[in-house]
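Presented below is the structure to which this report refers.
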């Protein structure tokens, strides 16, 4: 999994794919499924919505670290499985055969099977709205991975897979950050 | 454009499509393109990221109202056009041939050409992160519209169109809100 310039990390989140978020609570790793994410600016700052109803939340709140991993459509049933059980009861990495790789800046693990990973620190938690503000410190992309299509949760139990890509870089060139 | 139950409004935002946001500043209407959105819970509460760099922001801040409209892929060049010019200079509705319909709860207009619209009030602005918290008061869906595929901005000038839909309602039934 090669490094991706941090300046491009927001392009992993902006299209709105469902993501996996790993944490480490000092004793063990955990992973949760998150669909509620948002880019905050053209750097590696973004937000996720989560709260005490997720077992991972305590680890996120206390360790102030996580990894945001981007799964693809071939992992959909894993993503749903991770999202419908609790790390309080089981080791989700073993249960769903997810391979952990060591991150550089955080204790939460990178997920080898995912298309991309972003090592993040928790900048702030806007508790009133359960918004966790993250800053990325390193990003990785597995560009050799054959399947690159991500999945968008609708919220009603259905998921939209990425379709074709339309290029409008020329129309937008004045509005794109340098190097993107 | 028929009413959509407010309880389903979050399913318009959760997949992460690029949206149009209309405002009314007391004198005139305006519209902007927003890709940075996030669901906040299973009701009609969600967040968008915007700030003073957008001309519409003042209207949003002062009127505390807007309409979030969901365009489809046939409107992509309109969406990009709206996003790359300023309402300070031109009437974007005239320029891009967007038809305004009167909303019920807000003075900002509904956009007839869009697949869906959500009338919103501004609940709060988390100025530190430029996060505008919205609450939906009415939602509409044009289910007779032939084109229903939305578009996801990558942030680099490319856009991903909705592909196929995968149904996992059965696996997720214990986690879905009632009636969704």
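Any read-out appearing in this document is the output of simple, stated calculations on the displayed coordinates, not a laboratory observation. All of these numbers come straight from a predicted model, not from anything done at the bench. All Cβ positions, even for glycine, are placed from backbone atoms using ideal geometry, and neighbour counts span all protein chains on display.
If you put a point 7 Å past Cα along the Cβ direction, how far is that point for residue A:89 from the same point in each other copy, in nm, smallest first?
5.8
List, shortest first and in nm to one decimal, how far the label point of residue B:104 (7 Å from Cα along Cα→Cβ) is from its counterparts in the other copies.
Distances between equivalent label points, in nm: 5.4.
Which value at 222 nm does the protein assembly as shown reach when only helices count, each DSSP H run of 4 or more adding -39,500 (n - 2.57), with the total divided by all residues and rounded to the nearest 500 deg cm²/dmol? Don't jump to the answer; show the numbers that get you there.
Details: 10 runs with 56 residues, N = 360.
Calculated at 222 nm, the ellipticity per residue is -3500 deg cm²/dmol.
For region A:1-111, what does the alpha-carbon gyration tensor say about shape, rounded, prolate or oblate, given a ≥ b ≥ c as the root eigenvalues, a/c under 1.5 as rounded, and a/b over b/c as prolate? Walk me through the numbers on the way to the answer.
Numbers: a/c = 1.42, a/b = 1.33, b/c = 1.07.
Rounded is the answer for region A:1-111, as its axis ratio a/c remains below 1.5.
Using alpha carbons only, how many angstrom separate the centre of region A:111-180 from the centre of region B:149-174?
Spelled out, the Cα-based centre of one part sits 13 Å from the other.
Can you tell which of B:166, B:13, B:90 shows the greatest fluctuation in a Gaussian network model of chain B with Cα springs below 10 Å?
Result: B:166 has the largest fluctuation of those listed.
Taking the axis that carries chain A onto chain B, what is the nearest Cβ in chain A, and at how many Å, to the whole number?
Taking the axis that maps A onto B, the answer comes out as A:16, 1.
Using only the Cα atoms of region B:47-89, build the gyration tensor, take square roots of its eigenvalues as a ≥ b ≥ c, and label the shape rounded, prolate or oblate: rounded if a/c is under 1.5, else prolate if a/b is larger than b/c, else oblate. Walk me through the intermediate numbers first.
Numbers: a/c = 2.36, a/b = 1.49, b/c = 1.59.
Cα axes put region B:47-89 in the oblate bin.
Given the options B:153, B:59, B:144, which has the most mean-square fluctuation in a GNM of chain B, springs set between C-alpha atoms less than 10 angstrom apart?
Maximum among the listed residues: B:144.
Quick check on the protein assembly as shown: take the gyration tensor over C-alpha atoms, sort the square-rooted eigenvalues as a ≥ b ≥ c, and tell me if it's rounded (a/c under 1.5), prolate or oblate.
Values: a/c = 1.66, a/b = 1.56, b/c = 1.07.
It comes out prolate by the Cα gyration axes.
Can you give me the relative contact order of region B:2-175 as a percent, contacts being Cα pairs under 8 Å and 6 or more apart?
Values: 370 pairs, mean separation 44.7, N = 174.
Across region B:2-175, relative contact order equals 26 percent.
In nm to one decimal, list the spacings between the residue B:167 label point and its equivalents in the other copies, with label points set 7 Å along Cα to Cβ, shortest first.
3.7
For a quick check: sort B:68, B:82 by the number of other beta carbons within 10 angstrom, fewest at the front.
On the way: B:68 26, B:82 22.
With the sparsest Cβ surroundings first, the list reads B:82, B:68.
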